[in-house]
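The values are calculated or read from the model by the stated rules, or taken from the named source; none is laboratory data. Not measured: the values here are computed from a predicted model. Using ideal geometry, Cβ is built from the backbone for each residue, glycine included, and neighbour counts are taken over all protein chains shown.
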Amino acid sequence: MKKIVLLILGFGLFLGLSAQNAKPVISFEKKIHDFGDVKEDGGTVNYTFEFTNNGSQPLVIHTVQASCGCTSPEWTRTPIQPGGKGTLKATFDPRNRPGNFNKSITVTSNAQQPVETLRIVGNVVPKAQTIEDIYPRQMGDIRLKSSHLSFTRVEPGTKKTEQLELINTSRQPVTVTFSRLPAHLNMKMDPATLQPGAKGVIIADFDASKNNDWGFVVDQVFLLINGVQNNENRLSVSATIEEDYSKWNTDQMANAPDIQFSETSFDFGDIKSGDKVQHTFKVTNNGKTPLVLRKVKASCGCTASEPDKTNILPGETANISVTFDSRGRTGRQNQSVTVYSNDPRKSTMLLRVSASILN
């Protein structure tokens with residue numbers, strides 16, 4: 001009896017091994033290809049991986065997935081008979097991808113090992129930068145590195161200076177002056193006159209003591225080229241006016257105000273088009289010194305908000321009323337209100353309101 005059982009088990013094991021061996025077997029000649037140096041502006045490069053079905057059943061490639069859109073694979077899509085060969089062509093686009101690259105290609109099939117990973121590696125040699133690459137923003141006879149000059153953070157009551165590079169691409173000398181400068185901005189060219197092909201800088205000073213505002217602020221300044229104003233030649237100048245609490249000591253932080261909201265989001269639900277709805281957010285000072293609401297700013301003109309007081313003593317609560325006007329709007333709406341305060345840990349807080357507007 002034992003012999004019969006052993007024979008049955010052995011026969012079952014043989015059948016299992018035979019079934020396993022009957023599966024297709026995908027064998028690649030190599031799984032990694034090194035392109036070496038590839039020029040960024042030299043166009044696409046490609047390599048064809050070759051493989052053989054070393055099994056006893058037809059091989060079918062189900063999917064081939066590249067790790068990024070910069071690699072496009074093409075492969076043999078018809079069943080490959082035992083002993084037959086197939087190919088997988090990988091095409092790599094080096095545009096805007098300077099530096100080393102290491103991309104994977106995942107191959108899924110009906111083979112004994114159903115998933116295989118191929119790799120293409122190499123180094124993209126950056127293309128030589130043109131004047132247009134270095135100075136992409138054109139304004140008349142000059143080109144600038146950007147049409148946006150950012151001061152990032154500026155502390156209240158302080159001044160900060162930033163520069164923006166430009167070049168004269170014309171054959172004539174160029175002067176650049178500025179209009180619509182607000183009181184807190186001062187801008188000048190250095191040098192005052194740019195000779196043909198010469199480079200220069202716009203030197204800008206931001207004086208926060210002359211700007212009674214908080215948080216992110218933006219100004220639009222016009223550039224006059226040789227005294228001529230073109231409304232297309234605009235420079236965006238931005239800054240975030242906020243206090244720097246990084247140097248506060250432990251005692252100062254322990255005695256600071258602490259802003260707390262009853263909630264930071266509210267959904268009005270379904271409302272009719274044209275309805276005005278209102279909600280009140282409650283804000284409490286859980287700190288040890290007065291909480292000052294520097295600024296309360298809505299994200300769009302459809303939302304209005306105003307606190308009933310801006311100086312909140314320790315333990316006190318204030319109300320911030322938010323009104324949403326649905327006129328001219330449809331569908332799901334999400335708006336926000338930014339609250340700037342003197343809480344060193346949460347100087348900027350966001351309140352959100354939402355609604356679904358029914359026609």
Legend entry - Boolean, Ser238 is within 30 Å of Gln333 (Cα to Cα), of a type in the set (S, T, N, Q), touching a residue at least 60 places away in the same chain (Cβ under 8 Å) and surrounded by fewer than 17 Cβ atoms within 10 Å (Cβ to Cβ): yes
Legend entry - Any hit, segment 149-170, residues being more than 30 Å from Ser246 (Cα to Cα), polar (S, T, N, Q), assigned to a strand (DSSP E or B) and modelled with pLDDT of 95 or more: yes
Inset, instruction - Please give the number of the condition Ser72 fails out of (1) among the small types (Gly, Ala, Ser); (2) in a strand (DSSP E or B); (3) closer than 28 Å to Lys23 by Cβ. - result: (3)
Legend entry - Failed item in (1) at pLDDT 95 or above; (2) buried (at least 17 other Cβ atoms within 10 Å of the Cβ); (3) in the same structural domain as Leu350 (by TED's automatic domain parsing), with Arg294 passing the rest: (1)
Legend entry - Residues that are assigned to a strand (DSSP E or B) and of a type outside the set (A, V, I, L, M), drawn from segment 42-69: Asn46, Tyr47, Thr48, Phe49, Glu50, Phe51, Thr52, Asn53, His62, Thr63, Gln65
Legend entry - segment 140-184, subset under 29 Å from the mean Cα position of the chain (by Cα) and among the basic types (Lys, Arg), residue nearest to Phe222 (Cα to Cα): Arg143
Inset, instruction - Please specify each residue of segment 127-144 satisfying the condition of being among the acidic types (Asp, Glu) and surrounded by 12 or more Cβ atoms within 10 Å (Cβ to Cβ). - result: Asp141
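If you go through segment 242-268, how many residues are of a type in the set (Gly, Ala, Ser), in contact with a strand residue (DSSP E or B) (Cβ under 7 Å, 6 or more places away or on another chain) and outside any loop (DSSP other than H, G, I, E, B)?
The qualifying residues number 1.
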Legend entry - Residue, modelled with the lowest pLDDT, within segment 19-44, restricted to residues that are within 22 Å of Gly86 (Cβ to Cβ) and of a type in the set (Gly, Ala, Ser): Ala22
